[in-house]
1. As I understand it, the dipole of chain B uses +1 on the Cβ of Lys and Arg and -1 on the Cβ of Asp and Glu, about the Cα centre. Which of B:437, B:389, B:375 lies farthest toward its positive end?
2. When N is the residue count of chain A, what does its C-alpha Rg come to as a fraction of 2.2 N^0.38 Å?
3. Can you give me the long-range amide H partners of residue A:46? Hydrogens built in the peptide plane at 1.01 Å from N, cutoff under 5 Å, separation of 5 or more residues or another chain.
4. Given label points at 7 Å from Cα along Cα→Cβ, what nm distances, shortest first, separate residue A:309 from the same residue in every other copy?
5. Ignore the peptide's own chain and count Cβ atoms of other chains within 10 Å of each Cβ in A:78-89; give me the average, rounded.
6. Note the count of lysine pairs whose C-alpha atoms are less than 29 angstrom apart in the stretch A:331-425, limited to pairs 8 or more residues apart or on different chains.
7. As a check on your grasp of the helix formula, calculate [θ] at 222 nm for chain A: sum -39500 (n - 2.57) over DSSP H runs of n ≥ 4, divide by the residue count, round to the nearest 500.
8. For a footprinting-style exposure proxy, rank B:177, B:325 by other Cβ within 10 Å, fewest first.
There are 2 protein chains.
Amino acid sequence: MSGNRRTFLKQSGLAVASALGFPSVVCSAKDAVQEPDALPRHIIHLVADGMSMGTLTLGDAFARLYRQRGLRFFDLQQMPGAVTALVNMRSLNSVVTDSAAASSSWGSGSRVVNGVLNQLPDGVDLYPLYQLFKEASWKRGLVTTTEITHATPAGFVANCSSRGSAEEIARQYLDRHVQVLLGGGRKFFEADKRKDKSDLLKEFRDAGYAVFHQASEMESASLDRPWLGVFASGHLPYTLDQYADPKLLTSVPTLAAMTKRALEWLGRSDHFILQVEGGRVDHAAHNCDIAAAVREMLAFDEALEVCIEFQRRVPETLLVVTTDHGTSNPGLVGLGKSYADSLKLFSQVLRARRSFESIADNLKSVNSAADVRKILLEATGCEVPETKAVLLLESVNGKRKPLFDHMNSAAAQLGQLMANYVGVGWTGTSHTADYVPLVAIGPGAVRFRGFLQNTDVFQNYLALAGIEYRNPTAPLMSECGPSAEEAEFGDKHTEMFA
Amino acid sequence: MSGNRRTFLKQSGLAVASALGFPSVVCSAKDAVQEPDALPRHIIHLVADGMSMGTLTLGDAFARLYRQRGLRFFDLQQMPGAVTALVNMRSLNSVVTDSAAASSSWGSGSRVVNGVLNQLPDGVDLYPLYQLFKEASWKRGLVTTTEITHATPAGFVANCSSRGSAEEIARQYLDRHVQVLLGGGRKFFEADKRKDKSDLLKEFRDAGYAVFHQASEMESASLDRPWLGVFASGHLPYTLDQYADPKLLTSVPTLAAMTKRALEWLGRSDHFILQVEGGRVDHAAHNCDIAAAVREMLAFDEALEVCIEFQRRVPETLLVVTTDHGTSNPGLVGLGKSYADSLKLFSQVLRARRSFESIADNLKSVNSAADVRKILLEATGCEVPETKAVLLLESVNGKRKPLFDHMNSAAAQLGQLMANYVGVGWTGTSHTADYVPLVAIGPGAVRFRGFLQNTDVFQNYLALAGIEYRNPTAPLMSECGPSAEEAEFGDKHTEMFA
């Protein structure tokens, strides 16, 4: 942090007092509801990455089928004092954000270009949320099912011109001393995998971190040291694939287990902020893989349950649950007479055993419809007719192109094929501009009502922590085509898209 | 209403008192916010039919492009005292509702089978909202851009085993004396068009109604008589098509104009309830026609603006704005480097001049790609390349089938084609299971927070009007496929979908 920026950082008397040992006043949830001006001592920010409204709805439908109980997300909305909102997550250069710009908007209060972490187009770094909270003596944690260096966790901590610079982000986590780091992405810390050959695992250990790679190590890790737990070389496996592989089920902790341990570590502090990301909801939606997506939604919901229990025990906790953008906008389509087939079809998702990702390479290398059918039966539990398998093979081999060019991918076409059998359609394979839902509970929740800009989240967190700071902003980039006037009354048409 | 059901209808002392002439106390919006137990004298229920989250978002994006101001829907969410919720709109037989079951859930507090209006599967009629409010001496109005007998308005008034029985519904409107009826569907009232040859227009006149067919007649109609205004034989034209035809622009009132007049009529009463439906948002979404959909969203928003102004003037008004279900879940897809192309593409929607519906017949009868291109250029303002026009022609002629059978329609394929040029993808062409947003303001709004069942809306309206009544319900119909247990551990696969 440069000296002149430091001068902008002012903590209120309250925040300073609290850093010096704000007394732990235990009050009931009712008290928290009735005190609109109460301030939280703890903030938990939960993100189901890439959760379109359809993904949320189908997560709930799946939860009812799978465990006979809907998502806690909706229980939370029902609780006294819970506040709901819609949020505009747009980035600096597009109404469709990516996760880096989305998390940066929460992490700096400033919109950045997609793919960038807390940096304006002119190269000026934005002072990130976790640095501000560090200086206010709040403990900080990141928990995710993706690589720990991925865009959503990184947006609370790092400055980087590219979200792809995972090795640099890993180093910034060390330099900026995030106390609890649990997720995937071990390769970005390993000497033999890093381009600069530096042994970041050792450097973390030298800095006092407990470093571990197994779920069991996490469970027994000492609370006296900060934690770096990286449980996979890349992203953690999909929950669906984990259940198909008993070894993964043992070695890789669930999001709920990581969240529980993170709260045990952080919960000893007077003040902490924790981000919990269900990161692979987004990946499954990119792949048009509803079976994988709803399993990730359930894993996220179990982590949410851990947080709700914590908030109930420690009501000075502000809980904010949201997503960073829609992805592929799945929808369970009305099918059959009186739409009576839709849920019957959707319940076939219960038969799925493997993610699309896990069968992608196989699918691309097969040559016969029979092989396609075999692979799909094993992965999805669905018997796909010969005729459809042939069409999919043609699509995968590039012999058959859809009308919407964007859908010309194996994932998109597999999604279209499976839509016949699970009833779920998709708008594409990338993020969407959809406004997203948010629910908040606890002291300060009232700030999160109505309709928010993504950047409001940062301002709210700072205000609730008594931190006065404002990052610089850049003007939204113009992306418009014709002006309304030109389009309304113009008579020239140019072949823009030929 | 049968005698024994009548005994269930009890009005509270307050409702009776108000029916006898509750004084018009004008209080400020602030007062309304601060009195959580206040009761409304007026209820306005606005429905943007078939508005998925993507439709709402893109309505806002379009409004910014078209008129440099976003939707009032979001301004409303921001207002002090506004309450937001998500709503589960499922019907009795499906998680995907149709408009009849959706409106019946609001109109009776009971879930019915899709396609049915306020009737249980055993044939038992449910006592509808507007009959209950009639007996409580509230004036009642219906305003819509669809046929006035369509499912959404009918759900507040009628009992019918099929939503298709429009002629019967028209008669029930007369028998049940809805004072303000403004929309389309004239043919269901005309002697030469009705199967029973009865002249319902005359019967309405004989019953004291002012009956009119032109916007100008509506503007000058006397407030001393009830109104039946039917401005088109079927649905009112799409706003987009109306702008393309100056005659329609003069003869057919906008939704906002109808709403304004309805409020002038009803606003003289101590108590009224009004449903305002932007019904063709849904139709456009069924057709994967984003240009038509966002124009309907704007027309709806202008009607909402009229209602917000009314609520500001008469704060004892409860305003509830929602939708009955998602349709086709459009999403503006992230396209181009850093998703920077998305809004540029979407802004091409400004060039559109005609709805897909208006060109459907032409498209089906053409034989050359050149003709396809000509029709699309005139309607959408987009130059579609030859290669794509050929593919569309093959799709329309049934020579080319998509992988998802449900998408095998001219509308779906035209939507997929146009997605290349406007950036908007679709999940299908029918309703979706998505939970839907709701925003409420005014006395009683606090009842609409968090997560609601569609049937709660009926119970809330009754409670707020001091009416005690409960309709019978039927158990949700089972639609599940395999149980969780069977699917998890079963090893039998049957070719269910071949």
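Only the coordinates and a few stated rules stand behind these numbers; no lab work does. Keep in mind it's a predicted model, so treat the numbers as computed, not measured. All Cβ positions, even for glycine, are placed from backbone atoms using ideal geometry, and neighbour counts span all protein chains on display.
1. B:375
2. Working: Rg = 23.2 Å, N = 498, 2.2 N^0.38 = 23.3 Å.
Relative to the 2.2 N^0.38 Å estimate, chain A comes out at 0.99.
3. Here the answer is A:276, A:320, A:321, A:322, since their amide H atoms fall under 5 Å of that of residue A:46.
4. For residue A:309, the inter-copy label distances come out at 5.5 nm.
5. For this peptide, the per-residue mean of nearby foreign Cβ atoms is 4.
6. 12
7. It comes out at -11500 deg cm²/dmol, rounded to the nearest 500.
8. Going from least to most buried by this count: B:177, B:325.
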